[in-house]
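Asks: Below is a structure I'd like to ask you about.
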Amino acid sequence: MIVDDLIVYGKSKVHSDLAKMLLADLMGVNSLELLTILDQEVPEEIVNTYKYRVDELRKGRPIQYIIGNVNFCGNIFDINENVLIPRFETEQLVVNTVEKIKELWPNESVDLIDLGTGSGAIGISIKKRLPNVNVTLLDISTAALEVAKHNATKLEVNVKYIINDMLENLANKYDVIVSNPPYIKTNEEIEDIVKNNEPHLALYAGDDGLDCYKKILSHVKENIKNKFLIAFEIGDTQKEDLFNLASTYLTDYNIECIKDFSNRDRMIFIWSK
Ligand code: GLN
């Protein structure tokens, strides 16, 4: 079979863009280059893998897990079912956190911890942009931290790792805490493709979706220095909750909510006065 035949086959089963992405990945080209090799004969092994993958896609497995990687902030992160698929919106948390660090610490190097790092997407992307920042990646899941370690090695950044449940019994102090923790309510309706494939440990956070923020903020005083920055991704209805939680556990701080590109409240920045 030639490339063109396989595109036609894929299109009859799944969305044509996805079919092309799958085949391009297997042929080692990008989706545009694929269109320049339409007459090329495809080895049988690739044909079989491709058909198997089209089937998986049709059954509702996310393409990022099938291909095994995702572009986040301009770097390719390898992922598997032990970690959340890094989201486009989270890139904005990285960009805004980097800006805030530059503003607050223009010349000094800072100690930063990424809580619930998953694939390492946030912490590693910050380290890529600000090489002087000392980055620690933390996760409760050993399997997730393995993915983060793999990505840090592949992307050639030197970072530290901690397996722990957020800040429970953690002695170290940091200048910057960044996190995109689980924040979905136990009974919240979410897309099937997310619910059926991504780790629930990385998605759900109790009846109000606030368990992780509470867990972090209730300990945070012991783990931040006098001058600090806390940066969270949040669900778009959680702004008020986070403002309330901050006032419960902290004093003398600035707080700001930043919207994502879709104009939804999606990030909270809390920093010392
Ligand atoms: N920090 C990771 C990310 O943003 C994982 C987040 C999570 O598992 N809740 O992609």
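Asks: Which pairs turn up if I take residues in the range 145-172 that are touching a residue at least 40 places away in the same chain (Cβ under 8 Å) and look for partners that are part of a loop (DSSP other than H, G, I, E, B) and hydrophobic (A, V, I, L, M, F, W, C) with beta carbon separation below 7 Å, at least 6 apart in sequence or on another chain?
Replies: What qualifies is Val147/Ile79; Val147/Val83; Asp165/Ile140.
Asks: For the range 70-86, which positions are surrounded by fewer than 18 Cβ atoms within 10 Å (Cβ to Cβ) and either among the hydrophobic types (A, V, I, L, M, F, W, C) or free of Cβ contacts under 8 Å to residues at least 60 places away in the same chain (or both)?
Replies: Of everything in the range 70-86, those that are surrounded by fewer than 18 Cβ atoms within 10 Å (Cβ to Cβ) and either among the hydrophobic types (A, V, I, L, M, F, W, C) or free of Cβ contacts under 8 Å to residues at least 60 places away in the same chain (or both) turn out to be Asn71, Gly74, Ile76.
Asks: While we're here: Does the range 40-48 include one or more residues that are touching a strand residue (DSSP E or B) at 6+ places or on another chain (Cβ under 7 Å) and surrounded by fewer than 17 Cβ atoms within 10 Å (Cβ to Cβ)?
Replies: First, pick out the residues of the range 40-48 that are touching a strand residue (DSSP E or B) at 6+ places or on another chain (Cβ under 7 Å): 40-42.
Filter again for surrounded by fewer than 17 Cβ atoms within 10 Å (Cβ to Cβ), leaving 40-41.
Yes, some residue in the range 40-48 is touching a strand residue (DSSP E or B) at 6+ places or on another chain (Cβ under 7 Å) and surrounded by fewer than 17 Cβ atoms within 10 Å (Cβ to Cβ).
Asks: On to the next question. Any chance the range 207-226 includes a residue that's closer than 30 Å to Lys273 by Cβ, within 17 Å of the chain's Cα centre (by Cα), among the aliphatic types (A, V, I, L, M) and within 13 Å of the ligand (Cβ to nearest atom)?
Replies: Scanning the range 207-226, I find no residue that is closer than 30 Å to Lys273 by Cβ, within 17 Å of the chain's Cα centre (by Cα), among the aliphatic types (A, V, I, L, M) and within 13 Å of the ligand (Cβ to nearest atom), so the answer is no.
Conditions (1) within 17 Å of Ile224 (Cα to Cα); (2) part of a strand (DSSP E or B); (3) within 16 Å of the ligand (Cβ to nearest atom), marked per residue:
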| position | (1), (2), (3) |
| --- | --- |
| Glu81 | no, no, yes |
| Glu99 | no, no, no |
| Asp114 | yes, yes, yes |
| Ile124 | no, no, yes |
| Glu156 | no, no, no |
| Ile162 | yes, yes, yes |
| Glu168 | yes, no, no |
| Val178 | yes, yes, yes |
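Asks: Restricting to the range 199-227, what's the tally of residues that are of a type outside the set (A, V, I, L, M), touching a residue at least 60 places away in the same chain (Cβ under 8 Å) and buried (at least 20 other Cβ atoms within 10 Å of the Cβ)?
Replies: The qualifying residues number 1.
Asks: Now for a separate question. Out of contact with any Leu (no Cβ under 7 Å at 6 or more places or on another chain), assigned to a helix (DSSP H, G or I), closer than 27 Å to Phe261 by Cα and within 11 Å of the ligand (Cβ to nearest atom), is that true of Val94?
Replies: Working: out of contact with any Leu (no Cβ under 7 Å at 6 or more places or on another chain): yes; assigned to a helix (DSSP H, G or I): yes; closer than 27 Å to Phe261 by Cα: yes; within 11 Å of the ligand (Cβ to nearest atom): yes.
Yes, satisfied.
Asks: What is the residue count in the range 110-139 for residues that are surrounded by fewer than 24 Cβ atoms within 10 Å (Cβ to Cβ), touching a Ser or Thr at 6+ places or on another chain (Cβ under 9 Å) and of a type in the set (D, E, K, R)?
Replies: Qualifying residue count, the range 110-139: 1.
Asks: Now a separate question. For the range 55-69, name all the residues that are free of Cβ contacts under 8 Å to residues at least 24 places away in the same chain, more than 15 Å from the ligand (Cβ to nearest atom) and not charged (D, E, K, R). I'd like the intermediate steps shown before the answer.
Replies: If we filter the range 55-69 for residues that are free of Cβ contacts under 8 Å to residues at least 24 places away in the same chain, which is where we start, we get 56, 59, 64, 68-69.
When the remaining residues are screened for being more than 15 Å from the ligand (Cβ to nearest atom), the result is 56, 59, 68.
Once the filter is applied, which keeps residues that are free of Cβ contacts under 8 Å to residues at least 24 places away in the same chain, more than 15 Å from the ligand (Cβ to nearest atom) and not charged (D, E, K, R), the range 55-69 yields only Gly68.
Asks: Answer with yes or no whether Val147 is closer than 30 Å to Ala24 by Cα, in contact with a Pro (Cβ under 6 Å, 6 or more places away or on another chain) and buried (at least 17 other Cβ atoms within 10 Å of the Cβ). First the steps, then the outcome.
Replies: Numbers: closer than 30 Å to Ala24 by Cα: yes; in contact with a Pro (Cβ under 6 Å, 6 or more places away or on another chain): no; buried (at least 17 other Cβ atoms within 10 Å of the Cβ): yes.
Here the answer is no, as Val147 does not meet what is asked.
Asks: Hey, can you tell me all the residues within the range 13-58 that are outside any helix (DSSP H, G or I) and under 24 Å from Asn196 (Cα atoms)? Let's see the steps before the verdict.
Replies: Of all residues in the range 13-58, those outside any helix (DSSP H, G or I) come to 13-15, 28-30, 35-43.
Result: Lys13, Val14, His15.
Asks: Follow-up question, since we're still on this one. Tell me the residue from Ile190, Ile230 that is buried (at least 20 other Cβ atoms within 10 Å of the Cβ) and either β-branched (Val, Ile, Thr) or farther than 22 Å from Ile122 by Cβ (or both), please. Step through it out loud before you land on a result.
Replies: Values: Ile190 fails: buried (at least 20 other Cβ atoms within 10 Å of the Cβ).
Criteria check complete, one pass: Ile230.
Every read-out reported here was derived from the displayed coordinates using simple, explicitly stated rules and does not represent laboratory data. Small disclaimer: the values here were computed from a predicted structure and weren't measured. All Cβ positions, even for glycine, are placed from backbone atoms using ideal geometry, and neighbour counts span all protein chains on display.
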